[in-house]
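Reading through the structure tokens given below for one structure.
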């Protein structure tokens, strides 16, 4: 079996499990012993056939991350970059997904789903700090989190 055939077979096997970004697939092919030149040629052929598409991958991954509350904003951008998505594509995908979404409403939805028993008005400082840290790690801005706590106390 030629190295080109081995690269195609290996790439198809990898993609059969789940979608990958071009950079992820390239790393896996090279780790499987495929030379970088053959890996690049295989990836070019796969892009041409539509087997791999970084924009499609970024949209699917970002949508799932937002729905699951895994990350938001800058953290989402960093996660996509770590997966090998170009900054321009990552920014475009994120702005498309979050354009109609209100950061405050997304924050509230995540809190209701993740911490259904959390009552900001009766929570002690320790619990509020824990929630604050959780939301920051998900990529919400400190300003949005502070505004949430202020709005909740103003609603009282």
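Assorted remarks:
- Note on 3, 67: ascending count of other Cβ atoms within 10 Å places them as 67, 3, the fewest first.
- Residues 20, 60 arranged by fewest to most Cβ contacts within 10 Å: 60, 20
- CD proxy at 222 nm, helix term only [per DSSP H run n ≥ 4: -39500 (n - 2.57); per residue of the chain; nearest 500]: -23000 deg cm²/dmol
- Least to most buried among 29, 97 (fewest other Cβ within 10 Å first): 97, 29
- Classified by the C-alpha gyration tensor, the range 55-98 has a rounded form. Its axis ratio a/c, with a ≥ b ≥ c, is below 1.5.
- Each 10 Å bin from 0 upward holds the following percent of the Cα-Cα pairs of the chain: 10, 33, 23, 17, 11, 6, 1, 0.
- The ellipsoid that matches the Cα gyration tensor of the range 3-52 has semi-axes, each √(5λ) in whole angstrom, of 14, 12, 10, with the longest given first.
Rule-based calculations on the coordinates, nothing more; no lab input. Bear in mind that the values here come from a model prediction, so they are computed numbers and not experimental data. Cβ coordinates were reconstructed from backbone atoms using ideal geometry, including for glycine residues, and neighbour counts include every protein chain displayed.
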